[in-house]
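Participant: Encoded as structure tokens, here's the structure I'll be asking about.
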Amino acid sequence: MKLARPCKALESTVYAFVQVRTDKSAIYPIVPDGTNILFFSSCRESFGGTQSKILEIPLTIPDSEYFGIWFYPGAMRRFFNIDLSEASDTIFELDFLEAPVLRNLHERIYDEVSFENRISLCERLLTKTQSNAGFIAYLDHALSQIYQSGGNISVEKLADRVGCSSRHLNRIFQLHIGASIKAFSQMVRMNSFLNNKYRYGTCSSFPALPGQCDSGFFDQSHLIRSFKKQGLQSLSPFVQEFMSDFYNSK
């Protein structure tokens, strides 16, 4: 897998460009983390709504390259006028976004041979499309508070810190992220746990490791219930396979 960060103009909205090459059929797992992706193959183009459970994408075209544009949580509305709450736990065709910038993008991406040229093409188009109309300062502040707490901040405290009602803030999260504050915080908390588990090794009791391995989970049964809810039942020693690269880099 190749992964590259965007140009400076897109660094606050696009997390990365990604390319996966396969020589046989495979499964590409996506951990729920609040991010969104535009995903292209040689015969299909898709938009991934916010996922509440692990999503296994089948890569079925042999000897093929899959290309993706990976957006930060809350960033899609800087480019596309959509309600993310309508796209939860779903994969759509790109026409769902109803965006002129996406017309013929699939063909233009695969007209380019190199990963670098595909990135340059998408950067040019996205830079022209990006707008501050979809930017809400207190949403950005709220996301920062959730990340800093590892997902361990109450809805009421979060709303108080950003200066708006919890009801209004929840509506903003649903519109811009496609998940409630509570559900998004749960994603951050789970990924924080996976990050700590990978960094500090296997743990079978809580709390057990430096760096707060429990990540806000009350006990092991609470953790296991949360894993089942997000489709991550197995505490695999190869936990990096199930960890969002986005949260791993924080």
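The values are calculated or read from the model by the stated rules, or taken from the named source; none is laboratory data. Fair warning: this is a prediction, and the values are worked out from it, not measured in the lab. Don't worry about glycine lacking a Cβ; one is built from the backbone with ideal geometry, like all the others, and counts go over all protein chains shown. Each accessible area value is taken on the protein alone, full model and side chains, heavy atoms only, with ligands, DNA and RNA left out. Shrake-Rupley method; radii C 1.70, N 1.55, O 1.52, S 1.80 Å.
Participant: Going through segment 24-48 one residue at a time, which ones are farther than 24 Å from Glu107 by Cβ and in a loop (DSSP other than H, G, I, E, B)?
Facilitator: Matches in segment 24-48: Lys24, Ser25, Val31, Pro32, Asp33, Gly34, Thr35.
Participant: Restricting to segment 19-40, name every residue that is closer than 17 Å to Glu56 by Cβ, open to solvent by 30 Å² or more (accessible area, probe 1.4 Å) and not aromatic (Phe, Trp, Tyr).
Facilitator: Selection gives Lys24, Ser25, Ala26, Ile27, Pro29, Ile30.
Participant: Any residue at all in segment 100-113 that is surrounded by 15 or more Cβ atoms within 10 Å (Cβ to Cβ), modelled with pLDDT of 95 or more and within 21 Å of Leu84 (Cα to Cα)?
Facilitator: Scanning segment 100-113, I find no residue that is surrounded by 15 or more Cβ atoms within 10 Å (Cβ to Cβ), modelled with pLDDT of 95 or more and within 21 Å of Leu84 (Cα to Cα), so the answer is no.
Participant: Sticking with this one: Say we look at segment 1-40 and pick out the residues that are at pLDDT below 90 and among the small types (Gly, Ala, Ser); which of these is farthest from the chain's Cα centre (by Cα)?
Facilitator: Ser25
Participant: Identify the single condition in (1) surrounded by fewer than 19 Cβ atoms within 10 Å (Cβ to Cβ); (2) farther than 14 Å from Glu11 by Cα that Ser131 does not satisfy, given that it satisfies every other one.
Facilitator: Going through (1) surrounded by fewer than 19 Cβ atoms within 10 Å (Cβ to Cβ); (2) farther than 14 Å from Glu11 by Cα one by one, Ser131 breaks only (2).
Participant: Go over the candidates Tyr66, Tyr15, Tyr72 one by one and state the one that is aromatic (Phe, Trp, Tyr), more than 25 Å from Asn104 (Cβ to Cβ), surrounded by 14 or more Cβ atoms within 10 Å (Cβ to Cβ) and touching a strand residue (DSSP E or B) at 6+ places or on another chain (Cβ under 9 Å).
Facilitator: Sole residue among the options that is aromatic (Phe, Trp, Tyr), more than 25 Å from Asn104 (Cβ to Cβ), surrounded by 14 or more Cβ atoms within 10 Å (Cβ to Cβ) and touching a strand residue (DSSP E or B) at 6+ places or on another chain (Cβ under 9 Å): Tyr72.
Participant: Consider only pairs whose beta carbons are under 6 Å apart and that are at least six residues apart or on different chains; among these, list those whose first residue lies in segment 163-190 and is among the hydroxyl-bearing types (Ser, Thr, Tyr) and whose second residue is not in a helix (DSSP H, G or I).
Facilitator: Taking only residues 6 or more apart or on different chains, the pairs are Ser185/Gly151.
Participant: I need a count of the residues in segment 151-174 that are within 18 Å of Gly49 (Cα to Cα) and open to solvent by 50 Å² or more (accessible area, probe 1.4 Å).
Facilitator: Residues that pass the stated criteria total 2.
Participant: Looking at segment 97-134, which of its residues are of a type in the set (Lys, Arg) and in a helix (DSSP H, G or I)?
Facilitator: Across segment 97-134, the qualifying residues are Arg108, Arg118, Arg124, Lys128.
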